[in-house]
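The values are calculated or read from the model by the stated rules, or taken from the named source; none is laboratory data. Remember, predicted model here, so these are calculated numbers, not experimental data. Heads up, the Cβs are rebuilt from the backbone with ideal geometry, glycines too, and the neighbour counts pull from every protein chain shown.
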């Protein structure tokens with residue numbers, strides 16, 4: 001299988017399956033789980049297909065050109081380390097899917113759960129096999145987003161909502177920091193390609209920007225892996241369903257941080273700054289997490305804090321200046337995934353079959369759930385580091401590195417071994433509490449449900465994982481040794497030191513430390529056993545609880561500080577907001593002109609044409625008249641504003657810019673009609689009381705607005721004059737004119753720029769237009785203005801309602817005196833459609849294009865609305881504006897993606913001549929398809945805003961907006 005197909009399928013299949021699962025009916029639990037399981041198993045098979053290549057030191061790589069000039073390409077890259085993580089994501093994902101099939105209730109919207117899970121799986125896979133750092137940051141934020149949806153899956157509970165919000169706040173903020181660090185790394189190296197970055201270790205470490213880059217990257221990693229001081233969010237994520245907790249804690253979300261640290265270890269490790277930031281954070285987290293876990297009464301809470309502690313152990317190992325420490329860290333990542341996933345699943349089985357996770361209520365489950373009890377005991381023993389289990393070997397390696405570590409400050413050499421033994425003893429304590437509290441003692445009698453063994457297939461994933469813990473513990477070199485070697489070699493290259501995975505290394509100091517930790521842990525548990533059940537939290541740390549600090553910070557930022565800022569600069573009215581924006585822009589422009597100097601250029605200004613001056617005199621008069629009449633008559637002011645727009649249109653024609661003139665004219669027509677529809681929603685004018693009197697206050701505000709308008713207009717005029725009187729360093733117009741036909745296949749340079757040279761900008765803009773249209777529709781479709789907020793007097797409203805209600809013959813709902821214009825507009829409609837098609841097809845060579853054509857179609861439909869009445873959507877013309885918007889986005893994006901099929905960068909256009917019978921040669925360009933997408937989107941977006949604004953007509957006050965939307969095709 002080609003590398004590109006394998007890697008694209010590995011990332012793309014989960015997202016495609018997520019969309020499919022989201023479309024399934026709510027009750028299709030078996031179908032959704034089967035789909036998710038099949039995708040996970042296919043992913044695992046694809047990963048194994050890559051093993052022969054990565055086992056020999058090879059790297060699978062697929063690259064699709066996106067923005068080659070900026071070094072931003074879609075790169076998928078799988079080496080041994082990425083292969084190991086991708087295998088864990090898919091393999092444990094398949095076990096989690098099987099477990100979730102029996103854990104999730106049939107009353108839940110299970111297809112939505114599996115849609116989120118599959119999307120999260122794809123996001124995590126994208127993180128581990130990304131070959132471009134910008135792309136890695138994108139998938140990194142996707143994991144935060146989909147984990148938010150998974151944690152808040154049971155959104156009807158406050159704990160789920162709070163936990164999801166906290167997780168998203170912390171991890172997304174860390175993601176922004178990581179993005180900043182990636183930008184700094186790209187600046188240092190000159191590329192965001194991972195292979196190039198990994199080969200520039202010395203250059204990065206010696207650069208003056210190394211420390212800022214290090215701090216930003218480490219901040220992103222620590223927040224994602226719940227390291228101190230950001231560890232508090234992970235226990236609150238336990239409100240998620242247990243399959244989510246098992247997946248997030250073992251192989252995915254929280255492992256992303258340590259994955260990143262290990263990924264960038266060759267280029268950023270080895271300095272004192274790295275050891276202080278990464279190693280110290282890991283050491284503190286290791287101890288705090290283990291200590292707090294002892295006092296947790298919730299099984300999942302205990303496991304959550306134990307996860308924090310073990311992640312701290314991995315982070316501490318990565319922070320040491322030792323290749324063997326990295327080997328131990330990668331080994332413990334594998335071991336932790338096995339025993340932690342099985343423990344979470346066991347805790348979920350206990351909760352599922354007993355109705356509680358409270359250790360204080362649980363006991364004696366060894367008698368009613370013997371198979372689950374033994375599985376959980378083995379997994380907990382592996383977590384505690386008991387010999388002959390996988391956790392013991394990696395913990396011995398940790399002890400060995402703690403003894404031989406090289407740290408910046410020598411006293412830490414004595415602290416590390418003691419801290420390692422103490423944390424290991426704590427892990428024994430909370431493991432014993434998990435086992436003894438849940439499975440030993442008398443059989444409980446007051447549980448919500450009668451405990452019993454789960455379905456055998458629900459227990460099967462736990463059995464597989466526990467068997468893995470045993471096999472790795474007994475035969476580490478034969479079971480996990482080859483895969484660990486592949487992963488480590490891909491990180492360290494040829495500098496892999498010798499290490500041994502033998503079970504017995506003789507009686508040495510690390511073994512003695514393990515035995516002391518085991519005995520000390522048992523002793524501590526025996527001393528605290530009776531007191532633990534009565535404690536609600538860890539002593540000494542209650543006042544430093546992370547949740548409390550987080551909530552106080554959030555209250556300060558989102559309530560006190562935000563309220564104060566809102567009181568100073570905030571308002572619910574649009575005019576003060578615009579006034580503030582314009583005022584800041586004027587000050588910024590004036591400050592820049594003052595500091596950098598400002599004046600006319602070296603070119604002499606052209607003489608003023610008297611005809612153009614007369615035209616602009618008319619425009620200025622319209623602008624002043626609109627400002628003056630806005631106080632008395634809004635409709636007249638709007639008409640005069642339209643006059644200003646027509647003057648601008650004439651100006652474009654005057655300066656030989658027909659494309660701009662056509663766009664300006666059509667936009668002016670549409671916006672004028674939409675503003676007319678909005679006028680009736682504006683509130684009645686009221687006098688604002690004040691100490692100086694309402695008339696004086698109004699005059700003062702108008703003079704202030706006039707001053708802002710004059711300042712902004714004069715500033716833009718001066719800026720334009722300064723630009724046009726200077727000789728540019730390069731004639732950009734000549735650049736585009738020379739290449740418009742040879743490279744873009746069109747003689748209309750303006751259109752070629754929009755759909756080819758600057759196609760990325762246009763694509764982004766149409767996405768913005770779509771978002772604005774959908775937002776407008778969503779906000780206004782249910783809006784109901786108060787009856788007294790409409791400016792029409794009651795008598796006029798009644799007359800208008802009667803006129804609108806009067807019907808006549810075939811036209812229906814049209815007053816008698818409107819019958820002739822109504823018929824004419826119906827006849828004009830196909831003519832306008834033909835004009836729109838004409839503008840669309842000629843736009844690449846002559847004035848026109850998709851945007852202008854879409855606006856013409858929108859004008860044609862608006863004419864039908866204006867003559868036919870508010871309920872125009874109930875006529876024979878059936879429209880689905882959302883479908884138009886979606887189709888436009890898909891066509892425009894698909895045109896760019898199609899270039900990849902021919903091995904060209906995204907948005908690369910194609911131009912050739914097609915030989916047609918009789919007609920001859922016809923120019924063809926892929927940009928025409930892109931323009932068709934723009935056309936469809938403009939039509940759909942305009943219709944959506946028209947529906948949103950027009951559903952509240954005079955007679956529409958008695959109609960439901962849902963009916964109006966449904967009649968427009970929004971069924």
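Regarding residue 906, is this residue under 29 Å from the mean Cα position of the chain (by Cα) and at pLDDT below 85?
Numbers: under 29 Å from the mean Cα position of the chain (by Cα): yes; at pLDDT below 85: yes.
Spelling it out, residue 906 is indeed under 29 Å from the mean Cα position of the chain (by Cα) and at pLDDT below 85.
Residues checked against (1) touching a residue at least 12 places away in the same chain (Cβ under 8 Å); (2) in contact with a strand residue (DSSP E or B) (Cβ under 6 Å, 6 or more places away or on another chain):
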| site | (1), (2) |
| --- | --- |
| 26 | yes, no |
| 33 | yes, no |
| 56 | no, no |
| 72 | yes, yes |
| 76 | yes, yes |
| 100 | yes, no |
Discussion item. Restricting to region 461-500, name every residue that is closer than 17 Å to residue 198 by Cα and exposed (fewer than 15 other Cβ atoms within 10 Å of the Cβ).
Written reply: 493, 494, 495
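Residues checked against (1) within 18 Å of residue 669 (Cα to Cα); (2) crowded, with 19+ Cβ neighbours inside 10 Å; (3) without any contact (Cβ under 8 Å) to a residue 40 or more places away in the chain:
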| residue | (1), (2), (3) |
| --- | --- |
| 828 | yes, no, yes |
| 834 | no, no, yes |
| 840 | no, yes, no |
| 843 | no, yes, no |
| 846 | no, no, no |
| 849 | yes, yes, no |
| 852 | yes, yes, no |
| 858 | yes, yes, no |
| 863 | yes, yes, yes |
Practice prompt. Run residue 19 past the list (1) more than 19 Å from residue 124 (Cα to Cα); (2) surrounded by fewer than 17 Cβ atoms within 10 Å (Cβ to Cβ); (3) touching a helix residue (DSSP H, G or I) at 6+ places or on another chain (Cβ under 8 Å) and report the number of the one that doesn't hold.
Written response: (1)
Worksheet item: If you take just the helices (runs of 4 or more DSSP H) that sit entirely in region 356-408, which of them hold at least 3 residues that are crowded, with 21+ Cβ neighbours inside 10 Å and modelled with pLDDT of 90 or more?
Response: 370-384, 390-404
Worksheet item: Would you say residue 600 is outside any helix (DSSP H, G or I), more than 28 Å from residue 865 (Cβ to Cβ), in contact (Cβ under 8 Å) with a residue 60 or more places away in the chain and in contact with a helix residue (DSSP H, G or I) (Cβ under 7 Å, 6 or more places away or on another chain)?
Response: yes
Worksheet item: Considering 637, 620, which residue is crowded, with 18+ Cβ neighbours inside 10 Å, closer than 21 Å to residue 703 by Cα and either touching a strand residue (DSSP E or B) at 6+ places or on another chain (Cβ under 7 Å) or at pLDDT below 90 (or both)?
Response: 637
Worksheet item: Considering only region 150-159, how many residues are surrounded by fewer than 21 Cβ atoms within 10 Å (Cβ to Cβ) and in a helix (DSSP H, G or I)?
Response: 2
Worksheet item: For region 32-54, does any single residue satisfy the condition of being closer than 28 Å to residue 491 by Cα and out of contact with any helix residue (DSSP H, G or I) (no Cβ under 9 Å at 6 or more places or on another chain)?
Response: yes
Discussion item. Suppose we filter 256, 293, 304, 237 for residues that are crowded, with 24+ Cβ neighbours inside 10 Å and modelled with pLDDT under 90; which single one remains?
Written reply: 237
